[in-house]
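This report refers to the structure that appears directly beneath it.
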Amino acid sequence: MPVQLTTVSVVDAVAEQLRNQILSGAIVPGNALTEGSVTEQFGVPRPSVRSALQVLTFEGLLRREPNKSVFVPRLGAEDVRDIFGVRRVVEEEAARRFVRLGRSSEVPERLLLELEAMDERAQWSDVVRVDFDFHKSIVDAVDSPRLSRIYQSIATETRLALSQLRPSYDSPIVIASEHRSLLDHIRSGDERSAIEATREHLALSERIILSEIAQAEQGSERGRDQAIPSPVHSLHRGNRR
């Protein structure tokens, strides 16, 4: 029997390549992406590039402002709070149903083992991918198409937020340990324990990301302050002229 092949459109292929570059940090927040530069990079028709950029804009990985090129957004504190607010609603409900329905933890366990096998040499984008897939597997396990659709709708923005965790972790081993504890609570059979562990796990991630954002903003403010000459220095320069 012939093997069924999956055809990937040019638009999907370009979108996937750009998505990987954004989530790996190869394209940093604030960087603009023009249709011309992407067309030149991949050697594909401009209409296909335009459609791929629209896909990523819809996902939240790119942002467009009037009369400007699209760019990778730098997630702010309100963005992160909004993303994690949605995650809490979906994941706490998924944890409750997971326990109540007695779901299997086979897929989350497999993903957790993959995460536990990673060390300091692992690509951070791979760590983020497995981290997200672990949480998604718990949501998908409860067989709620609506919960899964809601969760999928914030998938790329969630991964973008997780990518900002990198400076806070020396090793994926720490992340794996946190996820092992979460999974133990979820499959313990104790509904309250599963929900509370999920809430605490998400709260920790949110706090760390918000802390990273605050530190980055403070660094930017210090840089701007140093770039602005003091009135005394300006006066001295005027006297020298």
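The values are calculated or read from the model by the stated rules, or taken from the named source; none is laboratory data. Worth saying up front: this structure is predicted, and the values here are computed from it rather than measured. Neighbour counts are summed over all protein chains in view; Cβ atoms, including those assigned to glycine, are modelled from backbone coordinates with ideal geometry.
On the stretch given as segment 49-70, residues that are over 24 Å from the mean Cα position of the chain (by Cα) and either closer than 13 Å to Arg19 by Cβ or at pLDDT 95 or above (or both) total 0.
Counting only residues that are at pLDDT 90 or above and β-branched (Val, Ile, Thr), how many does segment 128-138 have? Within segment 128-138, residues that are at pLDDT 90 or above and β-branched (Val, Ile, Thr) number 2.
Restricting Ser181, Ser188, Ser163, Ser177 to those that are surrounded by 14 or more Cβ atoms within 10 Å (Cβ to Cβ) and of a type in the set (Gly, Ala, Ser) reduces the list to Ser163. Can you confirm whether segment 132-144 contains a residue that is in a helix (DSSP H, G or I), closer than 21 Å to Ala26 by Cβ and touching a residue at least 24 places away in the same chain (Cβ under 8 Å)? Yes, the conditions are met somewhere in segment 132-144. Candidates in segment 71-124 are the residues that are more than 23 Å from Ser163 (Cα to Cα) and among the small types (Gly, Ala, Ser); of these, the one that is farthest from the chain's Cα centre (by Cα) is Gly102.
Residues that are surrounded by fewer than 17 Cβ atoms within 10 Å (Cβ to Cβ) and within 15 Å of Asp143 (Cβ to Cβ) within segment 97-113 comprise Arg100, Leu101, Gly102, Ser104, Ser105, Glu106, Val107, listed in sequence order.
For (1) part of a helix (DSSP H, G or I); (2) in contact (Cβ under 8 Å) with a residue 60 or more places away in the chain; (3) surrounded by fewer than 21 Cβ atoms within 10 Å (Cβ to Cβ), each residue gets a yes or a no:
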position: Arg81; (1), (2), (3): yes, yes, yes
position: Ala95; (1), (2), (3): yes, yes, no
position: Leu115; (1), (2), (3): yes, yes, no
position: Asp119; (1), (2), (3): no, no, yes
position: Ala122; (1), (2), (3): no, no, yes
position: Val128; (1), (2), (3): yes, yes, no
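Residues checked against (1) of a type in the set (Val, Ile, Thr); (2) in contact (Cβ under 8 Å) with a residue 40 or more places away in the chain; (3) under 17 Å from Arg81 (Cβ atoms); (4) in contact with a strand residue (DSSP E or B) (Cβ under 7 Å, 6 or more places away or on another chain):
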| position | (1), (2), (3), (4) |
| --- | --- |
| Ala176 | no, yes, no, no |
| Leu182 | no, no, no, no |
| Arg187 | no, yes, no, no |
| Ala194 | no, yes, no, no |
| Leu202 | no, yes, yes, no |
| Arg207 | no, no, yes, no |
| Leu210 | no, yes, yes, no |
| Ile213 | yes, yes, yes, no |
| Gly219 | no, no, no, no |
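If you go through segment 22-34 and pick out every residue that is part of a helix (DSSP H, G or I) and surrounded by fewer than 16 Cβ atoms within 10 Å (Cβ to Cβ), you end up with 1. Only one entry of Phe42, Phe58 meets the criterion of being surrounded by fewer than 17 Cβ atoms within 10 Å (Cβ to Cβ) and under 13 Å from Ala13 (Cα atoms), and that entry is Phe42. Taking the criterion of being farther than 16 Å from Glu178 by Cβ and either at pLDDT below 95 or not assigned by TED's automatic domain parsing to the domain that holds Ile138 (or both), the only residue of segment 190-210 that qualifies is Leu210.
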